[in-house]
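Student: Just dropping this structure here.
The values are calculated or read from the model by the stated rules, or taken from the named source; none is laboratory data. Note that the structure is a prediction, hence the values are computed from the model and not measured. Positions of Cβ are backbone-derived with ideal geometry, glycine not excepted, and every protein chain shown enters the neighbour counts. Only protein heavy atoms, including side chains, enter the accessible area calculation; ligands, DNA and RNA are left aside. Shrake-Rupley method; radii C 1.70, N 1.55, O 1.52, S 1.80 Å.
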Amino acid sequence: LLARGRPVIGEDEECLGAVINLADITAMKVLDQLKSEFVAKVSHELRSPLSTIHEQLALVLSDVVEEFSERDQHLLSRAKEKTRGLISVIGDLLDLSRIESGVVAQEPEPVRIDDLLKNIVEFLSARADAKEQTLTSEFPEYPLPCITADPIALESIFGNLIANAINYTQNGGKIHVKADLAEASLADMSATDQRVRVQVADNGFGIDPKHQEKIFERFFRVKNEKTRYITGTGLGLPIVKGLVDSLGGVISLESEPGKGTTFTVILPAGASKK
Ligand code: ADP
């Protein structure tokens, strides 16, 4: 059941009552579920033949390169690259449909978020170095509570956000990753329902306000002069949002074109699959 409500305001700004609208969305949910299952099945069926094609193209190109003309080599390399792109889209679609249908098998365990973030930053620092960017991280002096969640889900969330920050920031730019306790939790450090806040900030391209609400939709990618040569599937942020939701957290962003973007994720320390 989906409930929507709004107050009814009189001529003198007084509240006269409320209109509450209840809609039975069972059919919509069933359709959504069927759509997710269909996408998961098609993706699954396509993934393995595509992987075979990719492996075989790689093999052909590595073994007998001298037998091909330069033109043929170029065409084969392009076919290999395109196949790799398709495999990545299909992998993302499969992940997304699993997350959306709630069948993703999460195995929660207590995770030290500072260690996890340090590892991701270290792993991605080569990519930032290649663009002469500074990738830094900052953690509080007080101990952060462990987050009870599947480490793979957390790696996917923050790996995607940091990789995006690197991708959508110009050469020489700055990316800063910061973790602390969300404000309400800071006020009472002994509370049992603490929430951890992680921010990924960059001084990159930024996102136009008119695109900001679409950014978590599947396949949405901003198309402009700066982004046109950056490859991607437009599925990273929907995956991130799906995972954050599944952990009972919230994600938000602040961004200004030409100035940069900050993504903020707040997760309950006791997060686990809802
Ligand atoms: P992808 O990166 O594969 O295109 P995402 O879903 O991760 O897909 O991101 C969607 C779009 O959001 C990107 O194509 C890009 O236009 C924009 N975007 C994401 N992160 C940032 C960022 N840190 N700065 C500027 N734009 C961003």
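Student: In what sequence, largest accessible area first, do 54, 44 appear using a 1.4 Å probe?
Tutor: 44, 54
Student: State in Å² the accessible area per residue of the stretch 61-220; use a 1.4 Å probe, count heavy atoms of protein chains only, and round to the nearest integer.
Tutor: For the stretch 61-220, the solvent-accessible area averages 56 Å² per residue.
Student: Calculate the FRET efficiency for residue 38 and residue 229 from the Cβ-Cβ distance with a Förster distance of 22 Å, rounded to the nearest 0.05.
Tutor: After rounding to 0.05, the efficiency reads 0.10.
Student: Which log10 I(q)/I(0) values, to two decimals, does the stretch 87-172 give at q = 0.12, 0.18, 0.20 Å⁻¹ under the Debye formula with one point per Cα?
Tutor: -0.47, -0.93, -1.04
Student: Still on this structure: Translational diffusion coefficient, Stokes-Einstein: compute it for the stretch 41-141 using the Kirkwood radius over C-alpha pairs as Rh, at 10 °C and 1.306 mPa s, and state it as an integer in µm² s⁻¹.
Tutor: Estimated diffusion coefficient is 91 µm²/s.
Student: Determine the sum of side-chain charges near residue 176: Lys and Arg each +1, Asp and Glu each -1, restricted to other residues whose C-beta is under 11 angstrom from that of residue 176.
Tutor: So the surrounding residues net to 0.
Student: Mind putting together the pair-distance distribution for the stretch 1-44? All Cα pairs, 5 Å bins, whole percent per bin, short to long.
Tutor: Going out from 0 Å in 5 Å bins, the stretch 1-44 shows 5, 18, 13, 12, 10, 9, 9, 8, 6, 5, 3, 1 percent.
Student: In the stretch 111-228, what percent of the accessible surface is made up of carbon and sulfur (1.4 Å probe, ligands and nucleic acids excluded)?
Tutor: It is 49 percent, rounded to a whole number.
Student: Using protein chains only and a probe of 1.4 angstrom, how many square angstrom of residue 35 are accessible, to the nearest 10?
Tutor: Spelled out: residue 35, probe radius 1.4 Å, area about 110 Å².
Student: A follow-up question, please. Seen from all sides and averaged, what is the projected area of the convex hull of the Cα atoms in the chain, in nm²?
Tutor: Over every viewing direction, the Cα hull of the chain projects on average to 20.6 nm².
Student: Using the charge dipole of the stretch 79-146 (Lys, Arg: +1 at Cβ; Asp, Glu: -1 at Cβ; taken about the Cα centre), state which of 105, 145, 94 has its Cα farthest towards the positive end.
Tutor: Projecting each Cα onto the dipole axis, the largest value belongs to 94.
Student: Enumerate the lysines that residue 214 could reach by cross-link, defined here as Cα to Cα under 20 Å, with residues fewer than 8 away along the same chain left out.
Tutor: Partners found: 223, 226, 241, 259.
Student: Rank these residues by their accessible area, most exposed first, probe 1.4 Å: 180, 32, 92.
Tutor: Accessible-area ranking of 180, 32, 92, largest first: 32, 92, 180.
Student: Once label points are set 7 Å from the Cα along Cα→Cβ at both residue 45 and residue 71, what is their separation, rounded to one decimal in nm?
Tutor: Rounded to a tenth, the inter-label distance reads 3.7 nm.
Student: Also, I was wondering about something else. Taking the Cα centre of the chain as origin and charging only Cβ (+1 Lys, Arg; -1 Asp, Glu), how large is the dipole, in debye to the nearest 20?
Tutor: 680
Student: How far, in degrees from 0 to 90, does helix 113-130 lean away from the longest principal axis of the Cα atoms of the chain, to the nearest 10?
Tutor: 40
Student: Tell me, Kirkwood radius of the stretch 62-106 from alpha-carbon pair distances, in Å?
Tutor: 12.9 Å is the Kirkwood radius here.
Student: Going by a ≥ b ≥ c, the root eigenvalues of the Cα gyration tensor, does the stretch 1-97 fall in the rounded group (a/c under 1.5), the prolate group (a/b larger than b/c) or the oblate group?
Tutor: prolate
Student: Between residue 111 and residues 5 or more places away or on another chain, which pairs have amide H atoms under 5 Å apart, with H built 1.01 Å from N, and which residues are they?
Tutor: For residue 111, the qualifying residues are 147, 148, 149.
Student: For the stretch 142-264, would you read off the P(r) tail past 23 Å as a percentage of all alpha carbon pairs?
Tutor: Value for the stretch 142-264: 33 percent of Cα pairs lie more than 23 Å apart.
Student: Rounded to the nearest 20 Debye, what is the dipole magnitude of the stretch 79-215 about its Cα centre when Lys and Arg each give +1 and Asp and Glu each give -1 at the C-beta?
Tutor: Value, rounded to 20: 620 debye.
Student: Ok, one more. Once you order the gyration tensor axes a ≥ b ≥ c over the Cα atoms, which shape class does the stretch 222-274 get: rounded for a/c under 1.5, otherwise prolate or oblate by comparing a/b with b/c?
Tutor: Note, shape of the stretch 222-274 comes out oblate.
Student: Same structure again: What do you get for the angle between helix 151-167 and the principal long axis of the chain? Use alpha-carbon atoms, 0 to 90 degrees, nearest ten.
Tutor: Relative to the chain, helix 151-167 is tipped by roughly 70 degrees.
Student: Shifting gears a bit: Taking all pairs of different Cα atoms in the stretch 192-255, averaging 1/r and flipping that mean, what Kirkwood radius in angstroms comes out?
Tutor: Kirkwood hydrodynamic radius for the stretch 192-255: 13.5 Å.
Student: With label points built 7 Å along Cα→Cβ from the Cα atoms of residue 139 and residue 15, find their separation and express it in nm.
Tutor: Calculated label separation equals 4.5 nm.
Student: Mind checking the dipole of the stretch 151-267: about its Cα centre, +1 per Lys or Arg Cβ, -1 per Asp or Glu Cβ, Debye to the nearest 20?
Tutor: Dipole magnitude for the stretch 151-267 comes out near 520 debye.
Student: In degrees between 0 and 90, to the nearest 10, how far off the longest principal axis of the chain does helix 236-246 point, with axes built from Cα atoms?
Tutor: The two axes meet at around 40 degrees.
Student: At 222 nm, what value in deg cm²/dmol follows for the chain if DSSP H runs of at least 4 each add -39500 (n - 2.57) and the sum is divided by all its residues, to the nearest 500?
Tutor: Result for the chain: -15500 deg cm²/dmol, rounded to the nearest 500.
Student: Heavy atoms only, 1.4 Å probe, whole protein assembly: order 38, 205 by accessible area, highest first.
Tutor: 38, 205
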